[in-house]
Each structure stands twice: as C-alpha cells, then as structure tokens.
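**Q** Sending over a structure as structure tokens; questions will come in a sec.
The values are calculated or read from the model by the stated rules, or taken from the named source; none is laboratory data. What you see is a predicted model, and the numbers here were worked out from it, not measured in a lab. With ideal geometry, Cβ positions are generated from the backbone for all residues, glycine too; neighbour counts draw on all protein chains shown. All accessible areas refer to the heavy atoms of the entire protein, side chains included, with ligands and DNA or RNA removed. Shrake-Rupley method; radii C 1.70, N 1.55, O 1.52, S 1.80 Å.
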Amino acid sequence: MLAGFLSLLRMVAGSLRDLAPILLVIGFFQIVVLQQPFPHLERVAVGVVLVMLGLTLFIQGLEMGLFPIGEAMAQAFARKGSLVWLLAFAFCLGFGTTVAEPALIAVAAEAARAMAEAGVVAADKAAQQSYALGLRMTVALSVGASLVLGVFRILKGWPVHVLIIGGYVIVVVLTFFAPPEIVGVAYDSGGVTTSTVTVPLVTALGVGLASSIRGRNPLTDGFGLIAFASMFPMIFVMLYGMAV
C-alpha cells in the first residue's frame with residue numbers, strides 16, 4: 001500500500017515537473033510584464049491541480065493499457081501472416097482513433113463556423129454540421145490510408161525519408177491549386193490528428209509490428225507512422241476543398 005502511494009506521488013511530481021515551464025512562463029508574463037494579479041486565482045489553482053492529476057492518470061493509462069494492447073495486436077497480426085487483415089486493422093485503427101480525436105472535432109467545428117462567416121458554406125446549423133462532418137471523415141480516411149502505407153513500408157523496409165519528402169512535394173504542389181480558404185485548415189488538420197488518442201496507438205502499432213518482423217529494427221523501422229498521419233490529412237483536405 002505504501003509503495004503504491006509513493007509511486008503515485010512520484011508520478012504526480014513528474015507531472016508537476018513537466019508543467020513547471022508552462023506555469024513559470026504564465027506567471028512571469030502575468031506578474032512581471034503585465035503587472036497584474038491573476039484573475040480568479042483560486043479557480044486557476046484548482047485547475048492546475050486537476051490538469052496535473054489528469055496528466056498523471058493519462059500517462060499511467062497509456063503505459064498500462066494503450067501501448068501494450070497496440071503492440072500486442074500488431075504482433076498478433078504479424079504472426080497470423082495475413083497481409084489483408086493487417087492492412088485492414090491499420091486502416092480501421094487510423095480511421096477510428098482520428099474520428100474520436102477531440103482536437104479534430106473542435107477544429108472541424110471552428111472551421112465550419114469560419115467558412116459560414118466567409119460565405120463559403122450556408123450559415124444555417126445543418127450546413128455547418130455537414131461541412132464539419134465531411135472534414136472529419138476526410139481527415140479520418142486520410143489517417144487510415146497513411147497507416148496502410150506506413151505498415152506496408154515497415155513490411156517492405158522502404159526508407160521513410162523518401163516517402164516523406166515525396167509526400168511533402170505533393171503538399172507544396174497542391175497548395176498552389178487548392179482554394180486559399182482551405183489551405184490553412186488543411187495544414188492545421190495535419191497537426192490535430194496527431195494528438196492524445198491517435199499518437200499512443202499508432203506508435204504502439206509501428207513499434208509492435210517492427211519488433212515482430214525479422215530484420216526490422218523497432219527504433220529505425222517502428223517509428224515514422226506519426227509523420228504519415230500528419231502529412232496525409234494535408235493532402236486529403238486540400239483535395240477535399242478542391243472537390244467541394
């Protein structure tokens with residue numbers, strides 16, 4: 001019991017250490033630069049404690065649950081020897097985690113409101129919801145497709161930098177042809193997909209798969225899927241903007 005309590009305290013202290021730079025920056029600019037007291041200091045203090053506890057539980061949950069199950073399933077599919085099922089699992093994992101990504105939901109809703117204010121889509125709520133849903137589905141499909149390519153790269157041993165450079169060449173070319181109002185949304189979509197839900201499972205998939213294939217190094221071959229998951233949404237969203 002005591003050992004478990006001490007372990008929890010160490011994890012909380014680690015979370016506090018991680019949050020310390022943010023707290024110092026905010027405190028410095030609020031007190032030294034703005035020279036104003038913190039508004040609602042009690043609420044801010046309670047919020048910081050909740051964030052610290054939430055971060056502690058989140059990291060512990062990743063280590064106990066998401067990382068092990070992602071690696072175990074990747075290794076199981078590799079042992080099964082079915083390429084079709086492995087690629088199907090990679091696509092469904094990328095699609096499912098991205099659809100559930102809170103950051104993407106928020107950005108899609110904000111993009112729909114901005115598009116309505118700019119007159120790109122109708123101002124009624126149904127049109128905005130339809131646009132936000134279409135944007136989310138496009139990004140989710142792109143992440144699913146990116147994981148299929150990433151898994152295939154691990155299986156074949158292709159160098160990751162060649163695919164990444166080629167992909168960003170496509171991003172640059174599409175930037176000149178896509179509607180200006182969708183370019184920024186596309187670039188931001190690449191960032192919000194690689195957040196709290198997607199990153200742990202995608203990383204575990206790559207490392208687990210590389211660990212179970214002879215001749216593959218988890219360090220050099222297992223990582224890189226997140227880069228694909230960031231790049232593909234930019235391409236797909238710009239194509240979506242050109243089509244819609």
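**Q** Would you mention how many residues in the stretch 157-197 are over 29 Å from Glu63 (Cβ atoms), part of a helix (DSSP H, G or I) and not charged (D, E, K, R)?
**A** Number of matching residues: 23.
**Q** Counting only residues that are surrounded by 18 or more Cβ atoms within 10 Å (Cβ to Cβ) and among the small types (Gly, Ala, Ser), which one in the stretch 70-95 is farthest from Ala210 (Cα to Cα)?
**A** Gly94
**Q** Looking at the stretch 177-189, which of the residues that are open to solvent by 70 Å² or more (accessible area, probe 1.4 Å) and in contact (Cβ under 8 Å) with a residue 40 or more places away in the chain is farthest from Leu135 (Cα to Cα)?
**A** That would be Phe177.
**Q** List the pairs whose first member sits in the stretch 231-242 and is on the phi < 0 side of the Ramachandran plot, whose second member is outside any helix (DSSP H, G or I) and crowded, with 24+ Cβ neighbours inside 10 Å, and whose Cβ atoms are under 6 Å apart, counting only residues at least 6 apart or on separate chains?
**A** Taking only residues 6 or more apart or on different chains, the pairs are Pro233/Thr193.
**Q** Quick one: Phe67 ticks every box in (1) surrounded by 11 or more Cβ atoms within 10 Å (Cβ to Cβ); (2) more than 28 Å from Phe223 (Cβ to Cβ) except a single one, so which number is it?
**A** (2)
**Q** Looking only at the stretch 96-137, which residues are part of a loop (DSSP other than H, G, I, E, B) and over 16 Å from Thr194 (Cα atoms)?
**A** The first filter runs over the stretch 96-137 and keeps only residues part of a loop (DSSP other than H, G, I, E, B), leaving 100-101, 118-124.
Ala118, Gly119, Val120, Val121, Ala122, Ala123, Asp124, listed by residue number.
**Q** Looking at the stretch 190-221, which of the residues that are under 13 Å from Thr98 (Cβ atoms) and hydroxyl-bearing (Ser, Thr, Tyr) is most open to solvent (accessible area, probe 1.4 Å)?
**A** So the residue we want is Thr196.
**Q** For Ala116, are the conditions met, namely being at pLDDT below 85, more than 21 Å from the chain's Cα centre (by Cα), surrounded by 13 or more Cβ atoms within 10 Å (Cβ to Cβ) and more than 17 Å from Leu147 (Cβ to Cβ)?
**A** Considered against the rule, which asks whether it is at pLDDT below 85, more than 21 Å from the chain's Cα centre (by Cα), surrounded by 13 or more Cβ atoms within 10 Å (Cβ to Cβ) and more than 17 Å from Leu147 (Cβ to Cβ), Ala116 comes out as yes.
**Q** Also: Could you tell me whether the stretch 130-137 includes any residue that is open to solvent by less than 50 Å² (accessible area, probe 1.4 Å) and of a type in the set (Phe, Trp, Tyr)?
**A** Within the stretch 130-137, one or more residues are open to solvent by less than 50 Å² (accessible area, probe 1.4 Å) and of a type in the set (Phe, Trp, Tyr).
**Q** Okay, moving on. If you check Val143 against the conditions, is it surrounded by fewer than 16 Cβ atoms within 10 Å (Cβ to Cβ) and either in contact (Cβ under 8 Å) with a residue 24 or more places away in the chain or part of a helix (DSSP H, G or I) (or both)?
**A** Working: surrounded by fewer than 16 Cβ atoms within 10 Å (Cβ to Cβ): no; either in contact (Cβ under 8 Å) with a residue 24 or more places away in the chain or part of a helix (DSSP H, G or I) (or both): yes.
Judged against the criteria, Val143 is not a match.
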